[in-house]
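**Student:** My questions all concern the structure below.
The values are calculated or read from the model by the stated rules, or taken from the named source; none is laboratory data. These numbers were taken from a predicted model, which means no experiment stands behind them. Please note: Cβ atoms are built from the backbone with ideal geometry, for glycine as well, and neighbour counts cover all protein chains shown. Side chains included, ligands, DNA and RNA excluded: accessible areas come from the protein's heavy atoms. Shrake-Rupley method; radii C 1.70, N 1.55, O 1.52, S 1.80 Å.
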Amino acid sequence: KETSTKALEEKKIKVAGQPKIDVKSHGEDKDLEYTIHVEQLPEIKVNKIETLKITKYEITVSERDVEKRIDEIAKNQNNFIDKKKNETSNKGDLVVFDFNGTIESSSFEGGDGKNAQIVLGQNSFIKGFDDQLVGVKQDQKKLVEVILPANYPNKKYANKKAKFDCKILNIKKPEKIIVDDNFAKNLGAQNLPDLKKMVNNQIQSQYKNTFNLINNKEILKQLESFKDFKIPDNL
């Protein structure tokens, strides 16, 4: 180890991996003679970073882009107001109800519920359930019959016919949200102009992140071409 290390240092050889030793002679009253086989680390020429080329993107967000994003936010805000007691439910309305479900006249696990809420037309409960609640009124009782889905949590009830006795507690209709200072304040802004500024910054940030990903990919691709040396097999 001592002599081989010294020999490599004298030759200024940077070794890649473990050297192989082939001993020619050794023993008492004999000179130690051996051959050392090594793979050298390659000489790496570092290219100038200035040769890298990237595209500079300028992001311009229009007033229309901002308004469109705010309109999308407004549409996703659930805003419902009570309907009059004698008004019937329509698709898009929010229906609040209690229900008691049975299969072959027997109650089943998960078949009961209090103050359940569904928006008619979204099929977010059981397929075909909300369609049968169109046209109901507050305080009305309604029998709903459906087939439980194949992926029902309790497998033994899957694909079975169930009946639900529903008591309609309330019906609410969607109210169009007015985009004003109050709307902006509910979203954490000081006023509508401040909300527009926040949304503008948000859109710019999203585009900037996308362009950074594109640039990073391009930089890595160009860096790969910097490699003009052979990597030793054992590495």
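**Student:** Tell me the angle of helix 192-224 to the major Cα principal axis of the chain, expressed in degrees between 0 and 90 and rounded to the nearest ten.
**Tutor:** Compared with the principal axis, the helix lies near 30 degrees.
**Student:** First check a/c for the stretch 23-66, with a ≥ b ≥ c the square roots of the eigenvalues of its C-alpha gyration tensor; if it is under 1.5, answer rounded, and if not, answer prolate when a/b is larger than b/c or oblate otherwise.
**Tutor:** Because a/c hits 1.5 or more and a/b exceeds b/c, the stretch 23-66 counts as prolate.
**Student:** Going by the alpha-carbon gyration tensor, a ≥ b ≥ c the square roots of its eigenvalues, is the stretch 161-212 rounded (a/c under 1.5) or, if a/c is not under 1.5, prolate (a/b greater than b/c) versus oblate?
**Tutor:** It is oblate, given that a/c is not under 1.5 and a/b is not larger than b/c.
**Student:** Could you report the accessible area of residue 207 in Å², rounded to 10, computed with a 1.4 Å probe on the protein chains as they sit in the structure?
**Tutor:** Approximately 120 Å² of residue 207 is accessible to the 1.4 Å probe.
**Student:** Please give, to one decimal in nm, the separation of the simple spin-label points placed at residue 141 and residue 106, each 7 Å out from Cα toward the Cβ.
**Tutor:** 2.4 nm
**Student:** Over the heavy atoms of residue 3, what accessible area does a 1.4 Å probe trace out, to the nearest 10 Å²?
**Tutor:** 80 Å²
**Student:** Shifting gears a bit: Using label points projected 7 Å from each Cα along Cα→Cβ, tell me how many nm separate residue 211 and residue 181, to one decimal.
**Tutor:** According to this spin-label approximation, the distance is 3.5 nm.
**Student:** Which shape class, rounded, prolate or oblate, goes with the stretch 30-118 when its Cα gyration tensor gives a ≥ b ≥ c as root eigenvalues, a/c under 1.5 marks rounded, and past that a/b bigger than b/c marks prolate?
**Tutor:** Since a/c reaches 1.5 but b/c is at least a/b, the shape of the stretch 30-118 is classed as oblate.
**Student:** Under 10 Å, Cα contacts only: if you run a Gaussian network model on the chain, which one of 191, 215, 151 comes out with the highest mean-square fluctuation?
**Tutor:** Its mean-square fluctuation being the largest, the pick is 151.
**Student:** At 1.4 Å probe size, with the rest of the protein present, what percent of the exposed accessible area of the chain is carbon and sulfur atoms?
**Tutor:** 47 percent
**Student:** Then there's this: Protein chains only, probe 1.4 Å: how do 144, 46 rank by accessible area, largest first?
**Tutor:** My answer, sorted largest first, is 46, 144.
**Student:** Starting from the 7 Å offset along Cα-to-Cβ, what nm value, one decimal, do you get for the label separation of residue 225 and residue 59?
**Tutor:** Output for this residue pair reads 2.8 nm.
**Student:** Sum -39500 (n - 2.57) across every DSSP H segment of at least 4 residues in the chain, then divide by the residue count to get the 222 nm mean residue ellipticity, nearest 500.
**Tutor:** Calculated at 222 nm, the ellipticity per residue is -8500 deg cm²/dmol.
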